[in-house]
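Inspection log for the structure reproduced underneath, given as structure tokens.
The values are calculated or read from the model by the stated rules, or taken from the named source; none is laboratory data. What you are looking at is a predicted structure, and each value in this text was computed from that prediction instead of being measured. Ideal geometry is used to build each Cβ from the backbone, glycine not excepted, and the neighbour counts take in all protein chains shown. Quick note on the areas: whole protein, heavy atoms, side chains included, nothing else; ligands and nucleic acids left out. Shrake-Rupley method; radii C 1.70, N 1.55, O 1.52, S 1.80 Å.
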Amino acid sequence: MKVKLTLSYQTPKGVECFFESNFLLPEAALAIAEDLEKLHRVKELNLEDEYDTNWTMKEIKKYLTEIETEPHNITVYFDGGYDIDARKAGLGCLIYYQLNGSTYRLRKNALLEEIETNNEAEYAALHFGISELEELGVQYMPVTFIGDSKVVINQLSGEWPCLEESLTNWADRIEKKLNQLGIIPKYETVSRKDNRKADHLAAQALKQIEIDSTKKLSNREKDLI
């Protein structure tokens, strides 16, 4: 989840101005809100998440306490590679999440047979990533899914129609799994260059190189995400 601040500020001479921040992690938004309150010049301060839900500072604090021991602030990068001759797909996903005050990165891939198209491989890669979230115990959390497939992202976002039966079946499976887990998805597209790590995992899967690792990231590595 990310939160933005909106506030009305008044100078000692009575000049008022309205401010709105960009979306921040709830910890950062709370720290800024608490700092602003110390000035005693903020007339009205609101905290709003990406789904237009308003939060009080007390509710944000409670939320942060409750999720501290669960994976949260989750981002999933996914990519599917396709071997047309072998009709096989390489699936790759990277999952970044926070747990107990630390940031972790999970890297995993898989090989899937009997796939007909590259678009199917991309859908399968996203489904694979969601299955890994289930293994992590992620439930009732907002999650950002990032991929370079405009077809998958735009169809699941409702921007494009999904007319192919095979893709519709994958979309239905994905939406069913998300509903079961209570995951609120946010979809974003990136260039292939910016998705190269997930692409590399998918390529390794096609070469039957299995990857399954979880790493606690250093501060320097977190800055490179």
Selection within the stretch 188-206 - free of Cβ contacts under 8 Å to residues at least 40 places away in the same chain and over 17 Å from the mean Cα position of the chain (by Cα): LYS193
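Taking the condition within 26 Å of ASP212 (Cα to Cα), out of contact with any Gly (no Cβ under 7 Å at 6 or more places or on another chain), open to solvent by 50 Å² or more (accessible area, probe 1.4 Å) and hydroxyl-bearing (Ser, Thr, Tyr), does TYR82 pass? Give the steps one after another, and end with the answer.
Details: within 26 Å of ASP212 (Cα to Cα): yes; out of contact with any Gly (no Cβ under 7 Å at 6 or more places or on another chain): yes; open to solvent by 50 Å² or more (accessible area, probe 1.4 Å): yes; hydroxyl-bearing (Ser, Thr, Tyr): yes.
Yes; evaluated as a whole, the condition is true for this residue.
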Restricting attention to the stretch 103-126, and to residues there that are within 16 Å of LEU167 (Cα to Cα) and among the β-branched types (Val, Ile, Thr), which single residue is most open to solvent (accessible area, probe 1.4 Å)? THR117
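Among the residues of the stretch 187-206 satisfying the criterion of being charged (D, E, K, R) and either part of a helix (DSSP H, G or I) or at pLDDT 95 or above (or both), which is nearest to ASP85 (Cα to Cα)?
ASP199
Kindly establish whether GLU210 is more than 18 Å from the chain's Cα centre (by Cα), surrounded by fewer than 18 Cβ atoms within 10 Å (Cβ to Cβ) and of a type in the set (Asp, Glu).
Details: more than 18 Å from the chain's Cα centre (by Cα): yes; surrounded by fewer than 18 Cβ atoms within 10 Å (Cβ to Cβ): yes; of a type in the set (Asp, Glu): yes.
Judged against the criteria, GLU210 is a match.
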Do any residues in the stretch 121-148 that are closer than 23 Å to PRO26 by Cβ have Cβ atoms under 7 Å from those of residues that are among the polar types (S, T, N, Q) and open to solvent by 10 Å² or more (accessible area, probe 1.4 Å), where the two are at least six apart or on different chains, and which pairs are they? THR144/THR75; ILE146/THR75
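Would you mind stating whether GLU159 is under 22 Å from GLU113 (Cβ atoms), acidic (Asp, Glu) and in contact with a helix residue (DSSP H, G or I) (Cβ under 9 Å, 6 or more places away or on another chain)? Break it down stepwise before answering.
Numbers: under 22 Å from GLU113 (Cβ atoms): no; acidic (Asp, Glu): yes; in contact with a helix residue (DSSP H, G or I) (Cβ under 9 Å, 6 or more places away or on another chain): yes.
Criteria not met by GLU159.
Among the residues of the stretch 140-154, is any buried (at least 16 other Cβ atoms within 10 Å of the Cβ) and at pLDDT below 95?
To start, the set of residues in the stretch 140-154 that are buried (at least 16 other Cβ atoms within 10 Å of the Cβ) comprises 141-149, 151-153.
Narrowing further to those that are at pLDDT below 95: 141-142.
Taking every residue of the stretch 140-154 in turn, at least one turns out to be buried (at least 16 other Cβ atoms within 10 Å of the Cβ) and at pLDDT below 95.
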Can you tell me how many residues within the stretch 84-120 are closer than 24 Å to LYS222 by Cα and free of Cβ contacts under 8 Å to residues at least 12 places away in the same chain? 0
Could you run through the stretch 47-74 and say how many residues are surrounded by fewer than 16 Cβ atoms within 10 Å (Cβ to Cβ) and either touching a Ser or Thr at 6+ places or on another chain (Cβ under 9 Å) or closer than 22 Å to TYR97 by Cα (or both)? 10
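Which residues, taken from the stretch 15-44, are assigned to a loop (DSSP other than H, G, I, E, B) and open to solvent by 40 Å² or more (accessible area, probe 1.4 Å)? Break it down stepwise before answering.
We begin by selecting, within the stretch 15-44, every residue assigned to a loop (DSSP other than H, G, I, E, B); these are 15, 21-23, 25, 38-41.
Residues satisfying the conditions are VAL15, ASN22, PHE23, LEU25, LYS38, LEU39, HIS40, ARG41.
Being charged (D, E, K, R) and not in a helix (DSSP H, G or I) is the filter here; which residues of the stretch 102-134 pass it?
Pass one, the stretch 102-134, residues charged (D, E, K, R): 105, 107-108, 113-114, 116, 120, 122, 132, 134.
ARG105, ARG107, LYS108, GLU113, GLU114, GLU116, listed by residue number.
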